[in-house]
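Accompanying notes for the structure given below.
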Amino acid sequence: MINLGHNRLKISRNLLALAVLGVALLIAGSYMGPKAKEPPKVPEAPVVSEGLEGYEARLARDLEGVLSQVEGAGQVVVTVSLKAGPEAQMAGNETRTERKTEERDASGGVRVTTETNEQLQLAMARPGGAGESPIEVRTLRPEVGGVLVVCDGARDPQVRVSIGQAVQTLLDIPAHRVMVLPRKGGKSSVK
């Protein structure tokens, strides 16, 4: 004969043990602290419709997020200046013709005139039976004119260099386009 009371007691103990284990895991997880945030990524390509000012502001915010993770940086404020907006490259056939004319005058002088004619015939697509539209091959990121980083830690030469190099690496720009300055009234990490 099967003892149903004994089986129910065993099941109840197992359920109680699982419940206690679940609560213990929840409590332990809360003591482990918050998970480290992954630093924001610098955008690869801008959204063309965003506009120049919008892209500059988004790029500055993303850089602030990344650079504030640098040890000793403190509070970070970034301003980005772009030379021009994003550029869309379209598919097409390019034709280039060049014509040179050489003229000689009576005194022996020579004048050479070069005439160049370039034509681009865009490749067109008809998506879904709608009107024709040019085929975009890729969108090029705008060229960065300069970046200004103002942060608390810039009083420390090592932090200043690290932040400058980080900006150069992230945006693939030369050092002369990056300026890192200490923040007014900011806390200094230099002792």
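What to note about this one:
- Flag: Pro134 does not match the condition of being surrounded by fewer than 13 Cβ atoms within 10 Å (Cβ to Cβ) and out of contact with any Ser or Thr (no Cβ under 9 Å at 6 or more places or on another chain).
- Of Leu122, Leu181, Leu148, Leu171, all but one fail to be under 24 Å from Asp62 (Cβ atoms), open to solvent by less than 100 Å² (accessible area, probe 1.4 Å) and either over 33 Å from the mean Cα position of the chain (by Cα) or free of Cβ contacts under 8 Å to residues at least 60 places away in the same chain (or both); the exception is Leu181.
- Scanning region 63-84 for residues that are part of a helix (DSSP H, G or I) and out of contact with any strand residue (DSSP E or B) (no Cβ under 7 Å at 6 or more places or on another chain) yields Gly65, Val66.
- When Lys83 is tested against (1) in contact with a Ser or Thr (Cβ under 9 Å, 6 or more places away or on another chain); (2) open to solvent by 70 Å² or more (accessible area, probe 1.4 Å), exactly one condition is not met: (1).
- Conditions (1) assigned to a helix (DSSP H, G or I); (2) of a type outside the set (Lys, Arg); (3) over 23 Å from the mean Cα position of the chain (by Cα): number failed by Gly131: (1)
The values are calculated or read from the model by the stated rules, or taken from the named source; none is laboratory data. Since the structure is predicted, the reported quantities are computational estimates derived from the model, not experimental observations. Cβ: placed from backbone, ideal geometry, glycine included. Neighbour counts: every protein chain shown. Only protein heavy atoms, including side chains, enter the accessible area calculation; ligands, DNA and RNA are left aside. Shrake-Rupley method; radii C 1.70, N 1.55, O 1.52, S 1.80 Å.
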